[in-house]
Amino acid sequence: MNTPNQLNSNKKYKVLFVCLGNICRSPAAEGIFRHIVKENGMEEHFVIDSAGTYGGHAGEHPDRRMRTAALYRGYGLTHSSRQVRSLDFLDFDLVIAMDDQNYEDLMHLAPSVEATHKIRRMASFLTTHRISYIPDPYYSGSEGFSLVLDLLEEACQNLYDKIINSEI
C-alpha cells in the first residue's frame, strides 16, 4: 500500500465534494470516494464529506433516484445534505466543485485568496471522458444518473491516485 508523505503523519487528508443542493452529485462523489478509500484500507487517513452551495435541502438524504442508482453499483449513500460553510475552507485540504457554477460560487465564498487554491473542478480528474463538468442529473432520467456515476467513478479513482501519489 502506497501512502503519500502527507498521509504518513497523524494528519488526515480532508476532501469536500460540492454541488448545488448536495442531494445528487456531491453525495454520490462522497460515497464513491469513501468506497475507494475503504477498498484500499485507508479510512484512517481521510476525512470525506459533501455539501451544497444552496442550503434548501439541508438535512435531507440524497435524492432517491441517486441512492437507487448508486446502490445498484454497491455504494450506500447515507449523507444528510448541508450547505457549504466558511469554515470548510479552513478545515478541508481540497474542495471539489461538480460544475462551473459551483466553482464560481465557491470562489466567491472562499474567505481568502489562499482558500481559493483548495478549490478544484471534479471534471479535471477525468481522463477518458471528454466533458468539462459533472452534469446535474436531477431533471434527467435514469441514464443521467448512470452517466454521473460513470464520471464520478473515474474522477474519484483518479483523485485518489493523485492524493496517494502526492500529486496534489
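The values are calculated or read from the model by the stated rules, or taken from the named source; none is laboratory data. A quick note: this is a predicted structure, and the numbers were derived from the prediction, not measured. Ideal geometry is used to build each Cβ from the backbone, glycine not excepted, and the neighbour counts take in all protein chains shown.
Okay, here's what the table says:
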{"item": "Residue 116 vs. criteria among the polar types (S, T, N, Q) and in contact (Cβ under 8 Å) with a residue 24 or more places away in the chain", "result": "no"}
{"item": "Residues of the stretch 57-107 classified as among the hydrophobic types (A, V, I, L, M, F, W, C), under 13 Å from the mean Cα position of the chain (by Cα) and not in a loop (DSSP other than H, G, I, E, B), total", "result": "4"}
{"item": "Residues (more than 21 Å from residue 154 (Cα to Cα) and either at pLDDT below 95 or among the hydroxyl-bearing types (Ser, Thr, Tyr) (or both)) located in the stretch 30-60", "result": "53, 54, 55, 56, 57, 58, 59, 60"}
{"item": "Test: residue 51 is assigned to a helix (DSSP H, G or I) and crowded, with 23+ Cβ neighbours inside 10 Å", "result": "no"}
{"item": "Matching residues, the stretch 119-161, being part of a helix (DSSP H, G or I), free of Cβ contacts under 8 Å to residues at least 60 places away in the same chain and of a type outside the set (Gly, Ala, Ser)", "result": "125, 143, 147, 150, 151, 154, 158, 161"}
{"item": "Test: residue in the stretch 10-25 that is out of contact with any strand residue (DSSP E or B) (no Cβ under 8 Å at 6 or more places or on another chain) and β-branched (Val, Ile, Thr)", "result": "no"}
{"item": "Looking only at the stretch 22-47, and only at residues there that are surrounded by 24 or more Cβ atoms within 10 Å (Cβ to Cβ) and of a type in the set (D, E, K, R), the one that is farthest from residue 97 (Cα to Cα)", "result": "30"}
{"item": "When residues of the stretch 124-151 are limited to those that are in contact with a helix residue (DSSP H, G or I) (Cβ under 7 Å, 6 or more places away or on another chain) and of a type in the set (A, V, I, L, M), the one surrounded by the fewest Cβ atoms within 10 Å (Cβ to Cβ)", "result": "131"}
